[in-house]
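First the structure, in the form of C-alpha cells, and then the observations on it.
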Amino acid sequence: MRLSVLGACGAWPQAGEACSGFLVEHAGFRLLLDLGYATLPRLLQRITAEQVDAVFVSHGHPDHCADLNPLLRARALGDRPSPPLPVYAPAGALDAVLALDRPGMLDDAYVVRDVIPGAPFELGPFRAETRLLPHWLPNAGIRLTVAGRALAYTGDAGPSRHVVDLARDADLLLAEATYPDHVPDHSRRYLSSARTAGRQAAEAGADRLLLTHLWPGTGQQATLAAAAEAYGGTVAVAVSNLTVDLT
C-alpha cells in the first residue's frame, strides 16, 4: 500500500499548495482520500481522471471535497466518458458539491455510497472501517487494511477515543493537526493539535505518524516538536508530493 500526498493545507491552500487530498494505491487500485481545493491538478500530474477507482470523502467541508466537482467533470465531459465513480461519504456530506452543476449534468459520472460509521465494508481491495469523529459536520475517520498493512486517517476531528481505535497497531496514522499545541476554545471539541495526535498515536501503538491539515503559516518544526513530546515513533508533516510506502 502506498500513500501519496496531493495536498495537506487546512482551511485554504497556501500559494502553490493544495488542501487535503491523498492517493492510496494497492495492486493497481487507486483510491482518493478527500479531494479538497487545488488537489485535482496535482492528481492529474500522476494519473488521469479515468484511472481513479474510488473516492472516500471524510466530510463535507470544501477543503476536503471541493475538487470532486472538477474530477467528475473530467470524467463525464472528456472524449471517452468513464463509468460511474463510486464515492463514499457520510450521508448528505456531498449534497453541496454535487449541486454545483445544472441538475442531471453529472448524474452518470458517479454513484454515492453512504458510509455508516461502525459498519465495516469492502472498498476495492481494502477492508474499510469507519468511526464518527467529532467535528462541526459529520466526519468519518477511516482505517484501511490490506495485505497485513493498515492506514488510519482522521479527516478533521477533535479528541476522541475512536481515533485510537482506528489507529490501533496501524502502520501509519494520518492525523489532522491544525494547531501545534493549544487549540482555541471555540474549536477545541472539533479540531486537534499535533500534541494530541502524538498522544493518540502513542496510545494506539501506531508505527508512524503523519501530521496534516496544518493551519496556513504554521511552522513545521513547532508542529513536529509538539507531537514528539507525546510520541516516540517516526513522525513527519504531510507535504505535497510526499510518498509513503507501507511495506
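Every number in this text was worked out from the coordinates using simple rules, so none of it is lab data. Just so you know, these numbers come straight off a predicted model, no measurement behind them. Quick reminder, even Gly has a Cβ in these numbers, built from the backbone with ideal geometry, and neighbours come from all protein chains shown.
Below are the figures for this structure:
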read-out	value
Which of 44, 23 has the fewest Cβ neighbours within 10 Å, and the rest in rising order	44, 23
Residue-averaged 222 nm ellipticity for the chain, from DSSP H runs of 4+ at -39500 (n - 2.57), nearest 500	-5500 deg cm²/dmol
Cα shape, the chain, gyration tensor, a/c 1.5 rule	prolate
For 29, 22, order by how many other beta-carbon atoms lie within 10 Å, fewest first	29, 22
Spatial separation of Cα centroids for the stretch 168-209 and the stretch 55-85, in angstrom	28 Å
Relative contact order, percent, the stretch 65-118 [alpha-carbon distance under 8 Å, six or more residues apart]	49 percent
Global geometry of the stretch 88-167, whether rounded, prolate or oblate, following the gyration tensor of its Cα atoms and the 1.5 cut on a/c	oblate
Candidates 222, 66, 206: whichever shows maximal mean-square fluctuation once the chain is modelled as a Gaussian network with Cα springs under 10 Å	222
Segment residue 147-residue 80, length gained on full extension (0.36 nm per residue, minus Cα span)	20.8 nm
Spin-label model distance (nm) - residue 168 vs residue 91, 7 Å beyond Cα toward Cβ	2.7 nm
Gyration tensor (alpha-carbon) shape descriptor, the stretch 1-97, a/c threshold 1.5	rounded
Length-normalised contact order of the chain in % [C-alpha pairs under 8 Å, at least 6 apart]	18 percent
Neighbour cut-off at most 16 other Cβ (10 Å), DSSP loop, trypsin sites (Lys or Arg not before Pro), the stretch 41-80	46
Where labels lie 7 Å past Cα in the beta-carbon direction, separation of residue 241 and residue 99 in nm	3.9 nm
